[in-house]
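Notes follow the structure.
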Amino acid sequence: MVIEWLDGEQEIYDNPLGVMTNGPTFPWHLTNLGNWTHLTNVDQSSAASGPFDVKQPDSGIATAALPGSSTSVGRFIRAVFYSNFTEKVADPDKAMHNLSRIMNNFDRPRALSTSPATGGGEGMKSQGIDSGNAGPPTEYTVWTNMADLSRGQFFFRSYDAFSWTSCDLSALEEANEPRAMLTSQLDALGGDGTKALLAGMGI
């Protein structure tokens, strides 16, 4: 389901695709899919150019038509593609592993693109924030999360981490008040962070 607000009005849509990105509106994204009916995961690795036969030296040519930009429009098309064609597995651990690999394709490093505007967006900071050097604003992926709804597991990874920290949502039900941790502490944990979060370490 997708819930959006447009001109102060709430719109609710069924989402048959199971993916979503921010703006434009969800109906716009569905209409735009009509421009991508040529996408397939089947490599066309050879062809004839007149009398000359050509052959692709590697696999993966099917993904050449995917939009490569970090815009929400490009990300939506890629998300539909990955959702449709990535291997489906019954094992829940393997399924989360596959999802993690998919999410890596939407990770946006700092300074990949910069903006001359003074306004900010998602994760908008100067590109030299860690080195102390001023630079133009850049959007980047501040954090990524995944959820296994069938088993009640939540996974979190911030920009500064490669490992996922997981939380058992059923175990968190025993908490009778809010618990909080700094993302930097979650990054250092990796693995299961349920006990640390229940203890409310560091806040």
Counted residues in the stretch 136-167 being touching a strand residue (DSSP E or B) at 6+ places or on another chain (Cβ under 6 Å) and modelled with pLDDT of 90 or more come to 15
With the condition kept exactly as written, say whether any residue in the stretch 83-104 is under 20 Å from the mean Cα position of the chain (by Cα), in a loop (DSSP other than H, G, I, E, B), surrounded by 14 or more Cβ atoms within 10 Å (Cβ to Cβ) and without any contact (Cβ under 8 Å) to a residue 12 or more places away in the chain. no
Is it the case that some residue within the stretch 9-17 is within 23 Å of S113 (Cβ to Cβ) and open to solvent by 70 Å² or more (accessible area, probe 1.4 Å)? no
Of all residues making up the stretch 1-20, the number that are outside any loop (DSSP other than H, G, I, E, B), under 17 Å from A79 (Cβ atoms) and among the aliphatic types (A, V, I, L, M): 1
Of all helices (runs of 4 or more DSSP H) completely enclosed by the stretch 135-203, which ones contain at least 1 residues that are among the acidic types (D, E)? 183-189
Within the stretch 21-35, which residues are open to solvent by less than 60 Å² (accessible area, probe 1.4 Å) and part of a loop (DSSP other than H, G, I, E, B)? T21, G23, P24, T25
Mind listing just one residue for me: the one in the stretch 39-51 that is open to solvent by 50 Å² or more (accessible area, probe 1.4 Å) and in contact with a strand residue (DSSP E or B) (Cβ under 8 Å, 6 or more places away or on another chain) and, of those, farthest from W5 (Cα to Cα)? A48
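Every residue, every condition in (1) over 21 Å from the mean Cα position of the chain (by Cα); (2) farther than 15 Å from I102 by Cα; (3) surrounded by 15 or more Cβ atoms within 10 Å (Cβ to Cβ); (4) not basic (K, R), yes or no:
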position	(1), (2), (3), (4)
V19	no, no, yes, yes
T37	yes, yes, no, yes
D53	yes, yes, no, yes
A64	no, yes, no, yes
I77	no, no, yes, yes
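The values are calculated or read from the model by the stated rules, or taken from the named source; none is laboratory data. Note that this is a predicted model, so its numbers are computed, not measured. Neighbour counts are summed over all protein chains in view; Cβ atoms, including those assigned to glycine, are modelled from backbone coordinates with ideal geometry. The protein model used for the area step is the full one, side chains on, heavy atoms only, and it has no ligands, DNA or RNA in it. Shrake-Rupley method; radii C 1.70, N 1.55, O 1.52, S 1.80 Å.
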